[in-house]
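Accompanying notes for the structure given below.
Readers should treat all values here as calculations from the given coordinates under stated rules, not as data from a laboratory. Since the structure is predicted, the reported quantities are computational estimates derived from the model, not experimental observations. Cβ coordinates were reconstructed from backbone atoms using ideal geometry, including for glycine residues, and neighbour counts include every protein chain displayed.
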């Protein structure tokens, strides 16, 4: 049995920044609503209310979605308000939380760079 390779925090964060930048796509409110409907399959799911509140609070906004950790963790970010959520899902949501201010600032910087280079249009 091999020992997993240790990755220091800075290396891990740099990998996540690269993955986030490579996976960014604009997504409309309607598309996000459809996405959430597919992963929050029950009104009783513990995070359905949090997702619904996020959608309601950001109605009409354009979002950016992406993923990190080889596609295991996903994020939705609203650039206009610097708010976002992350979630872990395969066939259904297994975890969800709010994006921290630090992560929001990192995403904002990545988005600005992508917009300046013409790689992302919101």
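Numerical summary
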{"quantity": "Residue within the range 27-48 that is over 19 Å from residue 119 (Cβ atoms), without any contact (Cβ under 8 Å) to a residue 40 or more places away in the chain and in contact with a strand residue (DSSP E or B) (Cβ under 6 Å, 6 or more places away or on another chain) present", "calculated": "no"}
{"quantity": "Lone unmet requirement of (1) in contact with a helix residue (DSSP H, G or I) (Cβ under 6 Å, 6 or more places away or on another chain); (2) more than 14 Å from residue 25 (Cβ to Cβ); (3) assigned to a strand (DSSP E or B) for residue 77", "calculated": "(2)"}
{"quantity": "Qualifying helices (runs of 4 or more DSSP H) (wholly inside the range 4-71; at least 3 residues being under 15 Å from residue 94 (Cα atoms))", "calculated": "29-39, 48-57"}
